[in-house]
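The values are calculated or read from the model by the stated rules, or taken from the named source; none is laboratory data. Please read these numbers as outputs of a predicted model, since none were measured by experiment. We place every Cβ from the backbone using ideal geometry, glycine too, and count neighbours over all the protein chains shown.
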Amino acid sequence: MRDWITTESTPAAGSPTAGFDAAGKIAELQNSIERVIRGKTDTVRLALIAILARGHILIEDVPGIGKTTLANALSRALELSFQRVQFTSDLLPSDVIGLSVYNQKNSEFEWKSGPIFSNIVLADEINRATPKTQSALLEAMAEEQVTVEGISRQLPLPFIVIATQNPSEHHGTYPLPESQLDRFMLRLHMGYPSKDDERSILRDRARIDPLASVRPVMSRSDVIELQRMVAEVSVDDALLDYLLKIVEATRNSDSLELGISPRGALALFRCAQASAFIEGRDYCIADDIKRLVVPCFGHRVIVNSRATSLRQRTRESEQVLLELITKVSVPI
């Protein structure tokens, strides 16, 4: 086993990443975010897993729980370009992607990039935008590029979309289509803080905004290097079969109308690699897969149910997945 804490990464000595302290970088990043997001270690860890696995994040919970704060803390702790887009019903695709503007001086059209041309894009309250505007993110999230007027433009790497939405339908909201949901690697829930954590939040924010104290602890090259190292984590064939059996179970379940796509299976594979990496291993174990099934698959499946609210459908999908996991034998 390679010890990520003490062993140098593969580049030769003298290269920019020689002697790269992966464990130190990850620990520093997590500590920095947890000083702002109190008592949510598991949620922060899942967010880091998605970033290291080159995935996008959907944060779903009630208003005022810290969804946007988590996204802001991540953007400040990572030395990456950041843009926030407040999704509303009148937002147009060109407001997100950009458009060509006619320049009268030189009688030519000039491309003006939209906020999507950033390393981290916060799509705040994404379900308040119309389906047409939501669809503007599809190509970007899947292929890390956008195509306008027949011209494809590459997005800066790493490219991460962090979207927030409330779990209840309100006036002026549009449910995310399956194709959009499938492009989010993980769905996170913040949850209410404990009494002690909420007390600390009230005390801290009475004096100063904790976000103001967050400083960059990881550069763009650091993030890219960590993502490269995560991709090298080994997954045994027995574990791969275990993952595929879970995927197959979702497709054959009588409780589900829609099972997991190959994109979803790949997302769980990459998340398991990132989970092992964060724990200092260069190989995966069954628990890396098992504990990520719900956050990775919960938003991708559709339950055979009459539930009308997003909150009810979320609970039912997670319950079905938990039951399916118990029926799939874990490799020894």
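Checking each residue in the stretch 159-171 for being part of a loop (DSSP other than H, G, I, E, B) and at pLDDT below 95 picks out Asn166, Pro167, Ser168, Glu169, His170, His171. The set of residues in the stretch 258-267 being buried (at least 18 other Cβ atoms within 10 Å of the Cβ) and not in a loop (DSSP other than H, G, I, E, B) consists of Gly264, Ala265, Ala267.
Contact map, the stretch 198-218: first residue basic (Lys, Arg), second residue modelled with pLDDT under 85, Cβ cut-off under 8 Å, separation 6 or more or different chains; the map is empty. The set of residues from the stretch 299-316 being over 16 Å from Leu244 (Cα atoms) and in contact with a helix residue (DSSP H, G or I) (Cβ under 8 Å, 6 or more places away or on another chain) comprises His299, Ile302, Val303, Ser305, Ala307.
Is it the case that Val294 is in contact (Cβ under 8 Å) with a residue 40 or more places away in the chain and either surrounded by fewer than 20 Cβ atoms within 10 Å (Cβ to Cβ) or in contact with a Phe, Trp or Tyr (Cβ under 8 Å, 6 or more places away or on another chain) (or both)? Here the answer is no, as Val294 does not meet what is asked.
Restrict the check to the stretch 103-116 and report whether at least one residue is buried (at least 20 other Cβ atoms within 10 Å of the Cβ) and within 22 Å of Pro158 (Cα to Cα). Looking through the stretch 103-116, at least one residue is buried (at least 20 other Cβ atoms within 10 Å of the Cβ) and within 22 Å of Pro158 (Cα to Cα).
Considering the conditions (1) in a loop (DSSP other than H, G, I, E, B); (2) surrounded by fewer than 18 Cβ atoms within 10 Å (Cβ to Cβ), Arg199 is excluded by exactly one of them, (1). Residue under question is Arg270, and the condition is that it be under 16 Å from the mean Cα position of the chain (by Cα), part of a helix (DSSP H, G or I), assigned by TED's automatic domain parsing to the domain that holds Thr326 and under 14 Å from His56 (Cβ atoms); does it hold? Yes; evaluated as a whole, the condition is true for this residue. With respect to the conditions (1) modelled with pLDDT of 95 or more; (2) part of a helix (DSSP H, G or I); (3) among the hydrophobic types (A, V, I, L, M, F, W, C), Val223 lacks only one, and its number is (1). All of Ser255, Ser219 fail the test of being outside the structural domain of Arg183 (by TED's automatic domain parsing) and surrounded by fewer than 18 Cβ atoms within 10 Å (Cβ to Cβ), apart from Ser255.
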